[in-house]
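In what follows, a single structure is set out as structure tokens and then discussed.
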Amino acid sequence: MQTEVKKANMTNIADIAKEFELTPGQVFSVLNDLGISYEGTSFEADKETVELVRGGCLEHLENKLVTLKPNSSPRDLAFALDVPATDMQKSLIAKFRIMKAIGNPLTEDEARKIVEGYGYQYAVASAAASKPKPKAVAGPKPGEKIHRPPVVTIMGHVDHGKTSLLDYIRKENVAGKEFGGITQHIGAYQVTLPEGVITFLDTPGHAAFTNMRARGAQVTDIAILVVAGDDGIMPQTIEAIQHIQAANVPMIVAVNKMDKEGANAERVLQQLTEHNVIAESYGGQTIVANVSALTGKGVPELLELILLQAEIMELKADPRGDLQGTVIESKLEKGRGPVATLLIENGTLRAGDALVVGSTFGRIKAMTDYRGEKMTEAGPSMPVEVLGMSDVPSAGDKIEFFEDERGARIEAESRVQKDRAKNLTSGGRGLTLRDLRNRMKDDGIRDLNLIVKADVHGSVEAVKGMLEKVKNDEVEAKIILSGVGQITKADIDLAAASDSIVVGFNVKPEGEAKKEAEKRKVEIRTYSIIYELIEDIEAAVKGMLKPKFEEQFIGEAEIRVKMSFSKKGIVAGSYITEGKVTRGAKARVYRGKELIHDGEIVTLKHFKDDVREMSVGQECGITFGDWEGYAEGDRVEAFEVVQVNA
Ligand code: GDP
């Protein structure tokens, strides 16, 4: 297990409370007395100040005073009184008859009732507490970042229990049973534990994850890979691993269905090693939890591991900083209009704020949390559902704060214009082998990311083995994903997200994948000869990729008469039976099935005029340079040579 990493001068209030067998609320009283400011569950101070607090705690041992900030929520009280948030939520109605959600502010009377109900005395934090003594270091200042909850996505093979796990966590931990459970689905929810809060993105599977990433939105901090203990690693498990690794997101493995007979966690861990996922028990770095989404066994431990991983990652945001957020889900609802779920990443979103979201805009008319509770503010890592956008934004769109709705409208309109212009000119920003060199110069690309698909496992391995050796001083071929089968839309999504080129060996893109690749400007290269594939990639890495040319059939003509002109020699009087014929096109002349000439259309005449092009149904005169060996009834096939993969 990793050792805990903490910010050097942040002191956890719960730790101090434990040391003196006080509740965190009693420690709040001490901090309040000393005029030391604190935020949430910790305070920032030097060693000397911590000692000062310790002394205060010693004095406070017999004192039952619990100090709370005005507008504290039941969740804050649960922390202060050292009771699990779930118990607090249950007691709210059952014991205190207070109908409030866990995160909503309580009135002073309500807070007093609860604190006294737990056998303590209630005090409100004095204003002085926000003005620290000169010696003590202040709490978060504007522009200062504080810890934020981790944002977690669950991935894995179909039927391995992703939805069940999300459901279990949601139902067990949201103390909302008294309200009839959560019926609302907003694409994300939060779970509150005594040790912290976790935000779960509620769309299992890697399609959503990769789609968002393809749009430049990387909101996931930690990925949970669910593997059924009775089933082991399956194709989508491997795909999920590759997507997580490509995104460089830390992974926690949840071996699920451990309640089932035949579940074998060891076997799963062994299989994982083959995909470079090495569990801690095998000497690696990957954290593993054995769980059952059915019985809930092991789930609390999994949640603890998530929080531990989050602590190591030092995830921070500034609630008073610039507003940043991403659209997680969106839809058009009858009677409500465009509805979007936003995940706040930095700053605080307030009801009434004017926003630009992607290329739409609006003013937030209503904001609710995942329980459907009205909210007025949402801070970092908080998912909220908002109403008031002028149009439905797309998942992955970024939000931007505007002083007023008018400004937001102008900006949104200008974005629509710009998008249109961009689509007309360049279309997209996908990487192609041919522009690898330029992109290297401009963007400093060092890796040539590749997605390799092939017909059979053996060829995947062969192609991979050879590609892994392709590198020079500047660029290296890096395989992001490899697998057996056709090139799918999911491959294109990943390619767009990771700036990869898709290489197919003896396979073709599916129809949908082809369309998506065109839309997103993802390059697909297919081969049936392995050495051609390797040569192309080698050439691209060296920046010497030769343009590839292909002949394209453009039309056919029939020679009807051999015409003689005294000055210009003879001309083939022809009739165009299909497509067109152009001057300069390549020409093959057939007599029956036999090819009698392979050359070029040197001149093309319409009566006496030289022309560039003649189409089906027209008569024309053709010469083939020096060659005049044709006869009446011969067939001319015309081709143009075009550069492919340019
Ligand atoms: P998903 O496709 O990964 O979202 O999988 P689901 O959550 O839909 O689960 C697939 C099936 O496995 C369902 O029938 C679940 O009831 C069952 N299942 C999920 N987790 C467990 C578990 O821990 N134990 C057992 N016995 N069954 C489970």
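Read the figures in this text as sums done on the coordinates, not as results from a lab. Quantities reported herein were computed from a predicted structural model and do not represent experimental measurements. As a convention, Cβ positions derive from the backbone with ideal geometry for all residues, glycine included, and neighbour counts pool all protein chains shown.
If you plug each phi of the stretch 619-625 into the Karplus form 6.51 cos²θ - 1.76 cosθ + 1.60 with θ = phi - 60°, what whole-Hz ³J(HN,Hα) values come out, in order, with x for Gly and Pro?
Ordered by residue, 3J(HN,Hα) equals 9, 8, x, 10, 10, 10, x Hz.
Excluding Glu280 itself, what net charge comes from residues whose Cβ is under 14 Å from its Cβ, given Lys and Arg +1 and Asp and Glu -1?
Local charge sum for Glu280: -2.
Among the aspartates and glutamates, select those whose C-alpha is under 15 Å from the C-alpha of Lys113, and discard any that sit fewer than 8 residues away in the same chain.
Excluding near neighbours in sequence, the set is Asp76.
Can you give me the convex hull volume of the Cα atoms of the stretch 436-545, divided per residue and expressed in Å³?
Hull volume normalised by residue count: 86 Å³.
Helix 108-117: angle to the longest alpha-carbon principal axis of the chain, degrees 0 to 90, nearest 10?
For 108-117 against the chain, the angle is about 70 degrees.
Which shape class, rounded, prolate or oblate, goes with the stretch 237-366 when its Cα gyration tensor gives a ≥ b ≥ c as root eigenvalues, a/c under 1.5 marks rounded, and past that a/b bigger than b/c marks prolate?
Working: a/c = 2.54, a/b = 2.07, b/c = 1.23.
Since a/c reaches 1.5 and a/b is larger than b/c, the shape of the stretch 237-366 is classed as prolate.
Taking every pair of alpha-carbon atoms in the stretch 550-644, what share in percent sits in each 10 Å bin, from 0 to the bin with the longest distance?
Going out from 0 Å in 10 Å bins, the stretch 550-644 shows 18, 56, 23, 3, 0 percent.
Check cross-link reach from Lys145 to the aspartates and glutamates: straight Cα distance under 15 Å, and skip same-chain residues fewer than eight apart.
Here the aspartates and glutamates satisfying the reach criterion relative to Lys145 are Glu39, Glu44, Glu311, Glu314, Asp318, Asp322, Glu345.
HN-Hα J couplings of the stretch 87-102 from phi, Karplus 6.51/-1.76/1.60, θ = phi - 60°, integer Hz, Gly and Pro as x?
Each residue of the stretch 87-102 in turn: 5, 4, 4, 5, 5, 3, 8, 4, 9, 9, 6, 10, 8, 9, 6, 4 Hz.
Long-range amide H contacts for Ala125: which residues qualify at under 5 Å (H placed 1.01 Å from N, peptide plane, sequence gap of 5 or more or a different chain)?
Counting only residues 5 or more places away or on other chains, the set is Leu68, Lys69.
Pairs of alpha-carbon atoms within less than 8 angstrom and 6+ residues apart define the contacts here; what relative contact order does the stretch 324-425 have, in percent?
34 percent
Could you tell me the center-to-center distance, by alpha carbons, between the stretch 143-173 and the stretch 574-602 in angstrom?
Each part's Cα centre sits 65 Å from the other's.
State which entries of Lys453/Lys586; Lys586/Lys608; Lys469/Lys521; Lys374/Lys398 exceed 29 angstrom in Cα-Cα distance in the structure shown.
Too far apart for the 29 Å limit: Lys453/Lys586.
Please sort 311-324, 231-244, 489-502 by packing, taking for each peptide the average over its residues of neighbouring beta carbons within 10 angstrom, highest first.
Ranking, from highest mean packing down: 489-502, 231-244, 311-324.
Based on other C-beta atoms within 10 Å, arrange Val642, Val339 from fewest to most.
Val642, Val339
What is the magnitude of the charge dipole of the stretch 436-545 about its Cα centre, with +1 placed on the Cβ of each Lys and Arg, -1 on the Cβ of each Asp and Glu, and no other charges, expressed in debye to the nearest 20?
So the dipole magnitude of the stretch 436-545 works out to roughly 200 debye.
When the chain is fully extended, how far beyond the present Cα-Cα distance does Arg267 get from Asp167, taking 0.36 nm per residue of separation?
My answer for the length gained is 33.4 nm.
Counting helices only, and only those DSSP H runs with n ≥ 4, report the 222 nm mean residue ellipticity of the chain as the sum of -39,500 (n - 2.57) divided by its residues, in deg cm²/dmol to the nearest 500.
Details: 17 runs with 191 residues, N = 646.
Dividing the helical sum by the residues of the chain leaves -9000 deg cm²/dmol.
Using 0.36 nm per residue of separation minus the Cα-Cα distance, give me the extension gain between Glu558 and Lys508 in nm, one decimal. Don't skip to the answer; put the middle values down first.
On the way: separation 50, 0.36 × 50 = 18.00 nm, distance 3.61 nm.
Extra length available between Glu558 and Lys508 comes to 14.4 nm.
To make sure I understand the rule: partners must be aspartates and glutamates, Cα under 18 Å from the Cα of Lys515, and not fewer than 8 residues away in the same chain. Which ones qualify?
Those aspartates and glutamates meeting the cut-off are Asp491, Asp493, Asp499, Glu523.
Roughly how many debye, to the nearest 20, is the charge dipole of the chain about its Cα centre, given +1 on each Lys and Arg Cβ, -1 on each Asp and Glu Cβ, and no other charges?
Once rounded to the nearest 20, the dipole reads 1480 debye.
Quick query: amide H of Ile596 versus all other amide H atoms, modeled in the peptide plane; which residues come in under 5 Å with a sequence gap of 5 or more or a different chain?
It is Val589, Tyr590, Arg591, by chain and number.
Using the Kirkwood formula over every pair of different C-alpha atoms, what hydrodynamic radius in Å results for the chain?
29.5 Å
Counting other Cβ atoms within 10 Å of each Cβ, which trypsin sites (Lys or Arg not before Pro) in the stretch 258-312 have at most 15 and sit in a DSSP loop?
Sites meeting the loop and neighbour criteria: Lys260, Lys297.
How much length would be gained if the chain were fully extended between Asp609 and Glu144, taking 0.36 nm per residue of separation minus their Cα-Cα distance, in nm to one decimal?
Stretched fully, the Asp609-Glu144 segment lengthens by 159.5 nm.
Using +1 on the beta carbon of Lys and Arg, -1 on that of Asp and Glu, and nothing else charged, what's the dipole of the stretch 10-129 about the Cα centre, debye to 20?
660 debye
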